[in-house]
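A.B. asks: One structure is given below, represented as structure tokens, and several questions about it will come after.
Laboratory data are not the source of any read-out in this text; all were calculated from the coordinates shown. Remember, it's a predicted structure, so these values are computed and weren't measured experimentally. Here the Cβ positions follow ideal geometry from the backbone for every residue, glycine too, while neighbour counts run over all protein chains shown.
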Amino acid sequence: MIQEIKIEVPNDYSGITLRQYLNLQRDITNYEGDEEATNAALFYHICGIEPQILSQLDTHTFAKIKSQLYTFLGNINFLLQRTITIEGVKYGFEPNLSKMSYGAYLDISKFENMGIDENWPKILSVLYRPIVKERGGLYTIQEYKGWKEWEVDKWYGVNMDFHFGCFFFFNRLYKDLSLAILNSLKGSPEITRNIKSVLDESGEVISQVQLLQGKTY
């Protein structure tokens, strides 16, 4: 008996949620070095193809789907989305980071690393808050009063094009700040160990996230 199976393959990261991405990232790490298990995780988390179904696919179909997946997995060139509407509520990105409240800064700084991991939704809950006033391209967001665990869940269903846009905004900001700091220290006897270690550690985290697609391959 022939069974027909419908397989939907996303064309870009707008078809993958943060929840799917984190689950895939976890399995890719666990199965590192095992190509067969890695492929199974990729097909399951992105296309919903169970391992037993995957083993029944003909070679041509398998190769075609894999090629399509790998084509867009390497494209993470997205811009920051300053506003987003979730469940009828419109949220806005912190309008002026230089004037961000000290409490918001402290809550973000509690996280050792700033990457797309399990702590990422908590960071977004600090950076994106409900818009209370909007006019043209300008807006005012709700005063920061701390984030709640239940508020974090909404970010898991948001697609990865949004998340990458936000993350790489900070990636570019990090590079600019790093260059500015190093340039300002020119002529000084030495770079303090603390500043250098912070820059090194931040760069390592960012590189690890950027190389996730390479690990997937």
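A.B. asks: Residue by residue, what Karplus-based ³J(HN,Hα) values in Hz, rounded to whole numbers, does the stretch 28-42 have, using 6.51, -1.76 and 1.60 with θ = phi - 60° and x for Gly and Pro?
C.D. replies: In residue order, the calculated couplings are 4, 5, 5, 9, 4, x, 10, 4, 5, 5, 5, 4, 4, 5, 4 Hz.
A.B. asks: Pairs LYS6/LYS66; LYS99/LYS154; LYS99/LYS122; LYS110/LYS133; LYS110/LYS145; LYS66/LYS154: which are spaced more than 18 Å apart, C-alpha to C-alpha?
C.D. replies: LYS99/LYS154; LYS99/LYS122; LYS110/LYS133; LYS66/LYS154
A.B. asks: In debye to the nearest 20, how big a dipole does the stretch 13-73 give about its Cα centre with +1 on each Lys and Arg Cβ and -1 on each Asp and Glu Cβ?
C.D. replies: It comes to approximately 300 debye.
A.B. asks: Work out, in µm²/s and without decimals, the Stokes-Einstein translational diffusion coefficient of the stretch 13-73 at 37 °C, 0.692 mPa s, Rh from Kirkwood over C-alpha pairs.
C.D. replies: In µm²/s, the coefficient is 275.
A.B. asks: What order do you get for LYS133, LYS66 when you list them from fewest to most C-beta neighbours inside 10 Å?
C.D. replies: Starting with the residue having the fewest Cβ neighbours, the order is LYS133, LYS66.
A.B. asks: Taking other Cβ within 10 Å of each residue's Cβ, how do THR38, THR83 sort, fewest first?
C.D. replies: THR83, THR38
A.B. asks: Here is a further query. List, largest first, the extents of the alpha carbons of the stretch 6-129 along their principal axes, each in whole Å.
C.D. replies: Cα extents, longest axis first: 57, 30, 24 Å.
A.B. asks: State the Cα centre-to-centre distance between the stretch 18-71 and the stretch 93-152 in whole Å.
C.D. replies: 33
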